[in-house]
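**Student:** My questions all concern the structure below.
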Amino acid sequence: MIRVMLIDDEADALKLLEILLKQVGNVEIAGTYLNPIQAINALNETMVDAVFLDIQMPGMKGTEAARRIRSISPELPIIFTTAYAEYALEAFEIDSTDYLLKPFTVGRLENTVARIIKNLYKADLALPNKAPVPSVQSLGGFHIVSPLKTGTEIVWKTKKERELCAFLIHHEGKSVNAGVIIEALWPGYDLDKAKSYLYTCLSYLRRSLTDQGIPIHIRKGNQGFSAELNDITTDASPFETLLNRILDEENMHEKHYHQMNEMYTGDYMGECNFDWAIARQLEIKSLYVRVLRKWNRYYHGLEKLSLAADSLQRLLTIFPDSEIDGRALIRLHLKLGNRSEAYRVCLQLEQAVRIQLGTELEEETMLLVQQTMERQSAQSNES
């Protein structure tokens, strides 16, 4: 999914372009603007992957607007939309991604969207997650998608076969002793029965991987069993690599904020109920939270308060009972004039702490919640 901004001084043209992009699919409209100056100001607060920009506009030509956009985000893809072919040379000099002549067709827009996606992160990212879909997905669950049949997910014969595969991949090619596997997957079982279950699952697993074209090999060695991924990467390792890279960087690259949030689709082995995965799940979650807090400080420093609020909201999605982050987000929404959003955060924080944890809010939080609710009530009475 890519986020795009649309700029055109004709409302009908904006509406048509929005409709056609929705037909193309995998496109989210982050904003539509009749005034290019308002759009440029909005770019300071809105993260987008591309801008569709008309050329002939009163007040400011699209080419001038493009140069100002370049000063804000030098690598942001710009697609000119115009009824005039004579501006193509100037558009080329600005290094536009595409030059679309009106009227558009869905097929032509599909080519443009594909070009945006292809070049989105080419400037400064060289991480192994470049494939459209990772072959092994361990964030937000556990799934294997065949590299030979894009989008086709492996079908498991049993739940334990799936867990065994996840457990071996979790150990990243290292051999795991049969006793360790049994203790993790069949704790408390009779040893002979557990061994029988293990070897049955190993047989199922090898057959499933072979039959469904997954180039992962299950090997038996002196020390136990291992899964050879044969250069197939999981999504967790590149995600951790990016997070550590951001933590180590002195100069922040804003593309990384968008990319890491796209990569994070949920907890490591999330909702699988694998007890052995909890330690790494907490480790990755903690790392992501540290990076989100770094982004929050960064966006505060730049006065990009909407993005600062976005980072806090993501923090609360992970730890909904974090009162320190909740208070910061409430105050930020109030500063932005978003009373209804501040009120919503109050209710969510109250529910997480009182209902889920069964404890009372801290005094500082209770006072802030009360003040916010009073403001919301006063606003409702006024309207």
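**Student:** Does anything in segment 247-271 have its amide N under 14 Å from the 7 Å Cα→Cβ label point of ARG290, and if so which residues?
**Tutor:** 247-249
**Student:** Next up: Might you report the magnitude of the Cβ-based charge dipole of the chain about its Cα centre, with Lys and Arg at +1 and Asp and Glu at -1, to the nearest 20 debye?
**Tutor:** Roughly 1000 debye, rounded to the nearest 20.
**Student:** Students often get this wrong: which residues of segment 77-98 have the backbone nitrogen under 14 Å from the point 7 angstrom along Cα-to-C-beta of LEU16?
**Tutor:** Output list for this probe position: 81-84.
**Student:** Can you give the accessible area per residue of the chain, in Å², using a 1.4 Å probe?
**Tutor:** For the chain, the per-residue accessible area is 52 Å².
**Student:** Let me ask something else about it. Take the alpha carbon atoms of segment 177-234, find their radius of gyration, then divide it by 2.2 N^0.38 Å using N residues; give the quotient.
**Tutor:** 1.23
**Student:** Rg to Rh ratio, segment 243-383, alpha-carbon atoms and Kirkwood radius?
**Tutor:** Here Rg/Rh amounts to 1.01.
**Student:** Anything over 20 Å Cα to Cα? Flag those among LYS15/LYS102; LYS255/LYS335; LYS118/LYS255; LYS159/LYS220; LYS118/LYS304; LYS157/LYS195, in the order listed.
**Tutor:** Check vs 20 Å cut-off fails for LYS255/LYS335; LYS159/LYS220; LYS118/LYS304.
**Student:** Compute the long axis of helix 11-24 from its Cα atoms, compare it with the longest principal axis of the Cα atoms of the chain, and write down the angle in degrees, 0 to 90, nearest 10.
**Tutor:** The answer is roughly 20 degrees.
**Student:** Using a 1.4 Å probe on the protein heavy atoms, what percent of the accessible area of segment 295-383 belongs to carbon and sulfur?
**Tutor:** It is 48 percent, rounded to a whole number.
**Student:** Here is a further query. If you take every DSSP beta bridge fully contained in the chain, what fraction is antiparallel? Give it as a percent rounded to 5.
**Tutor:** Percentage antiparallel, nearest 5: 35.
**Student:** Further question: Largest first and to the nearest Å, give the Cα extent of segment 246-322 along each principal axis.
**Tutor:** 42, 26, 18
**Student:** Applying the Karplus parametrisation 6.51 cos²θ - 1.76 cosθ + 1.60 with θ = phi - 60° to the phi angles of segment 323-337, what ³J(HN,Hα) value in whole Hz is obtained for each residue in order, glycine and proline being reported as x?
**Tutor:** So the J values, rounded to whole Hz, are 5, 5, 6, x, 4, 4, 6, 4, 4, 5, 5, 5, 5, 7, x.
**Student:** Please list the non-local residues whose amide H lies under 5 Å from the amide H of ILE2, H modeled 1.01 Å from N, same-chain partners needing a gap of 5 or more.
**Tutor:** VAL27, GLU28
**Student:** While we're on this one: Kindly provide the helix-only [θ] at 222 nm of the chain, computed as the sum of -39,500 (n - 2.57) over DSSP H runs of four or more divided by all residues, to the nearest 500 deg cm²/dmol?
**Tutor:** -16500 deg cm²/dmol
**Student:** Can you give me the % of accessible surface on segment 1-42 that is carbon or sulfur? Probe 1.4 Å, all protein chains present, nothing else counted.
**Tutor:** The computed percentage sits at 47.
**Student:** What distance in nm separates the simple spin-label points at THR233 and SER71, each placed 7 Å from Cα in the Cβ direction?
**Tutor:** Reported label-point gap for THR233 and SER71 is 3.7 nm.
**Student:** Looking at segment 1-74, I'd like the Rg to Rh ratio, where Rg is from alpha-carbon atoms and Rh is Kirkwood's inverse mean 1/r.
**Tutor:** When Rh is taken as the Kirkwood radius, the ratio is 0.94.
**Student:** Please provide three numbers in whole Å: the alpha-carbon extents of segment 167-264 along the principal axes, with the largest listed first.
**Tutor:** On the principal axes, segment 167-264 reaches 57, 32, 23 Å in Cα extent.
**Student:** Follow-up. Could you sort VAL48, VAL180 by their accessible area in this structure, using a 1.4 Å probe and putting the largest first?
**Tutor:** VAL180, VAL48
**Student:** Could you give the length gained on full extension between SER175 and ARG375, defined as 0.36 nm per residue of separation minus the Cα-Cα distance, in nm?
**Tutor:** Once the chain is fully extended between SER175 and ARG375, it gains 66.0 nm.
**Student:** Report the one residue of ASN251, ALA277, LEU316 whose Cα lies farthest in the direction of the positive end of the charge dipole of segment 249-318 (charges on C-beta: Lys and Arg +1, Asp and Glu -1; origin at the Cα centre).
**Tutor:** Result: ASN251, furthest along the dipole toward the positive end.
**Student:** What is the P(r) of the chain, as percent of Cα-Cα pairs per 10 Å bin from 0?
**Tutor:** 4, 18, 23, 23, 19, 10, 3, 0, 0
The values are calculated or read from the model by the stated rules, or taken from the named source; none is laboratory data. Bear in mind that the values here come from a model prediction, so they are computed numbers and not experimental data. Neighbour counts are summed over all protein chains in view; Cβ atoms, including those assigned to glycine, are modelled from backbone coordinates with ideal geometry. To get the accessible areas, we keep the full protein, side chains included, count just its heavy atoms, and leave off ligands, DNA and RNA. Shrake-Rupley method; radii C 1.70, N 1.55, O 1.52, S 1.80 Å.
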